[in-house]
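Shown next, in structure tokens, is the structure this report addresses.
The values are calculated or read from the model by the stated rules, or taken from the named source; none is laboratory data. Because the structure is a prediction, the values reported are computed rather than measured. Methodologically, a virtual Cβ is constructed for each residue, glycine included, from the backbone with ideal geometry; neighbour enumeration extends over all protein chains shown.
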Amino acid sequence: MTGSTSAGEGAADQGLAGQAAEAPGSPGRFEIWAPVSFGELVDKVSILRLKACFIRDAAKQALVATELAMLLELLDAALRHRDGPDIRAGMAALAAVNRQLWEIEDDIRAHDVRQDFGPGFIALARAVYTRNDERAAIKARLNALFGSQVVEVKSYGGAA
């Protein structure tokens, strides 16, 4: 129907209009800004730093560099708001866990290529979820230290 929207659609459109903008220098490409927790921002920056180190394709490196620069601006602004040794220790711990996860995922893929799904593969698969549990705990601690309004909620195995 031309010209009609439900009440919910109008509110969503107004909210999105305030948070979406055409990407500078990229006609037809849009950025959407959404609230995230401090821990999620630190996590994303940590992963992008790993990608910057390990991805060799020049086009992909350029995309990673662009996103990393944007998020580092936001992280720097957040750290001007609240910073300290506990926050920095949490950031370092999250970077270390993400590096471990990167290596575990590479090892899992190598096992998959060899079609080796024995005990080594199983140990790696288990390591993924144990490291991800550590990652979630570190992000939660960072959120608490920073005072994040937005927090990540996890639930496993039908737990409430």
Residue pairs meeting the criteria (Cβ under 8 Å; at least 6 apart or on separate chains; first within 15 Å of Val151 (Cα to Cα), in region 125-137; second surrounded by 13 or more Cβ atoms within 10 Å (Cβ to Cβ)): Arg135/Asp43; Arg135/Leu94; Arg135/Val97; Arg135/Asn98; Arg135/Leu101; Ala136/Glu152
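Residue-wise test of (1) surrounded by 14 or more Cβ atoms within 10 Å (Cβ to Cβ); (2) assigned to a helix (DSSP H, G or I).
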position: Ile47; (1), (2): yes, yes
position: Ala59; (1), (2): no, yes
position: Glu67; (1), (2): yes, yes
position: Phe117; (1), (2): no, no
position: Ile122; (1), (2): no, yes
position: Asp133; (1), (2): no, yes
position: Gln149; (1), (2): no, no
Boolean, Leu101 is at pLDDT 95 or above, surrounded by 14 or more Cβ atoms within 10 Å (Cβ to Cβ), among the aliphatic types (A, V, I, L, M) and over 21 Å from the mean Cα position of the chain (by Cα): no
Pair list, Cβ under 8 Å, 6 or more apart: region 46-61 residue farther than 19 Å from Leu75 by Cα, other residue part of a helix (DSSP H, G or I): Phe54/Trp102; Ile55/Gln61; Ile55/Val64; Lys60/Lys51; Gln61/Ala52
Index of the failed condition, Asp107 passing every other in (1) touching a residue at least 24 places away in the same chain (Cβ under 8 Å); (2) in a helix (DSSP H, G or I): (1)
Selection count where residues are under 18 Å from the mean Cα position of the chain (by Cα) and more than 25 Å from Asp43 (Cβ to Cβ), scope region 108-160: 0
